[in-house]
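The values are calculated or read from the model by the stated rules, or taken from the named source; none is laboratory data. Everything quoted here is computed from the prediction, not taken from an experiment. Because the Cβ atoms are built from the backbone with ideal geometry, glycine has one as well, and the counts that use them run over all protein chains shown. Remember, those area values only see protein heavy atoms, side chains included, never the ligands or the DNA or RNA. Shrake-Rupley method; radii C 1.70, N 1.55, O 1.52, S 1.80 Å.
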Amino acid sequence: MKKNLLKATSLGVLLLAMSGIVVNATEQFAMPDAGYIEMPYEGDVAEVEVFTEEEMREICSISEADINSLAATVEPDPYEPNNTMETAYPYSKTEKMTGKAFIDGYRNSNCHVEGDEDFFSITLSSSYTYSVVLKNLYGQDRHIYIWESNGDGTWSRWKYKYQQAGQPERWAFTPSRSGTHYVQIAGGGVESFYYFFAVEKYGTINTALWPSDI
């Protein structure tokens with residue numbers, strides 16, 4: 001599907017939302033556009049950056065006041081406000097989607113104002129490897145990160161090594177330490193569509209990036 005068609009589809013759904021017509025988020029499935037390049041997801045596809053506590057706070061510094069000062073473009077997702085680590089919503093309490101193989105076990109959320117970021121707290125074990133997936137982006141340059149405290153005043157931020165603007169991501173993550181981690185989803189602009197994401201034990205969830213992959 002061409003990029004201009006994707007944009008037209010996105011605009012159409014936004015207009016429907018603005019007109020008061022309810023659009024089922026689980027029916028909004030993005031398709032690959034002409035710029036999509038299949039990237040690896042097995043092997044060495046995750047990379048890590050290490051930050052001091054101060055640097056981490058600066059990176060994750062968007063405030064509730066900044067977000068609340070902006071007029072909402074679309075309806076906020078049900079997990080707001082979760083724009084910082086301090087206000088991170090528990091991943092375990094988010095609603096799992098069901099009904100179609102492409103979305104089974106995934107969570108959905110959206111960016112309702114410019115600059116919105118979403119944080120989710122999650123308990124991970126160093127005994128397991130996890131599948132990390134972010135999809136249904138509709139060309140939005142959005143990415144998924146996992147933050148891990150190193151226990152020495154520094155933080156590691158894990159991300160997909162082959163990030164592409166506006167393309168879904170799928171990678172494997174094995175925590176160095178067990179305990180609370182933070183999932184951060186950031187980037188892109190306001191989007192009326194819901195993105196889908198999951199951080200689940202490897203092999204327990206489908207990792208299809210597109211409906212045609214099922």
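Numerical summary
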item	result
Residue under evaluation Ala165, criteria (1) without any contact (Cβ under 8 Å) to a residue 40 or more places away in the chain; (2) part of a strand (DSSP E or B), criterion not met	(2)
Filtered residues of the stretch 73-99 (kept if of a type in the set (Phe, Trp, Tyr) and outside any loop (DSSP other than H, G, I, E, B))	Tyr89, Tyr91
Among the candidates Thr129, Thr123, residue that is in contact with a helix residue (DSSP H, G or I) (Cβ under 9 Å, 6 or more places away or on another chain), polar (S, T, N, Q) and either surrounded by fewer than 19 Cβ atoms within 10 Å (Cβ to Cβ) or more than 16 Å from Gly188 (Cα to Cα) (or both)	Thr123
Residues of the stretch 1-44 that turn out to be modelled with pLDDT of 50 or more and either of a type in the set (Asp, Glu) or surrounded by 11 or more Cβ atoms within 10 Å (Cβ to Cβ) (or both), as a count	17
Residue in the stretch 67-74 that is within 13 Å of the chain's Cα centre (by Cα), in contact (Cβ under 8 Å) with a residue 24 or more places away in the chain and at negative phi present	no
Candidates Glu47, Glu64, Glu80, Glu95, filtered to the one that is at pLDDT 95 or above and farther than 23 Å from Trp158 by Cα	Glu95
Given (1) touching a Gly at 6+ places or on another chain (Cβ under 9 Å); (2) surrounded by 21 or more Cβ atoms within 10 Å (Cβ to Cβ), index of the condition Phe197 fails	(1)
Sole residue being within 10 Å of the chain's Cα centre (by Cα) and at pLDDT below 95, chosen from Gly187, Gly139	Gly187
Residue satisfying all of: in the stretch 100-120; within 21 Å of Tyr202 (Cα to Cα) and surrounded by fewer than 19 Cβ atoms within 10 Å (Cβ to Cβ); nearest to the chain's Cα centre (by Cα) among these	Gly105
Tally, over the stretch 184-198, of residues that are farther than 21 Å from Phe102 by Cα, in contact (Cβ under 8 Å) with a residue 60 or more places away in the chain and outside any loop (DSSP other than H, G, I, E, B)	2
Residues of the stretch 139-148 that turn out to be of a type outside the set (S, T, N, Q), in contact with a strand residue (DSSP E or B) (Cβ under 8 Å, 6 or more places away or on another chain) and open to solvent by 30 Å² or more (accessible area, probe 1.4 Å), as a count	1
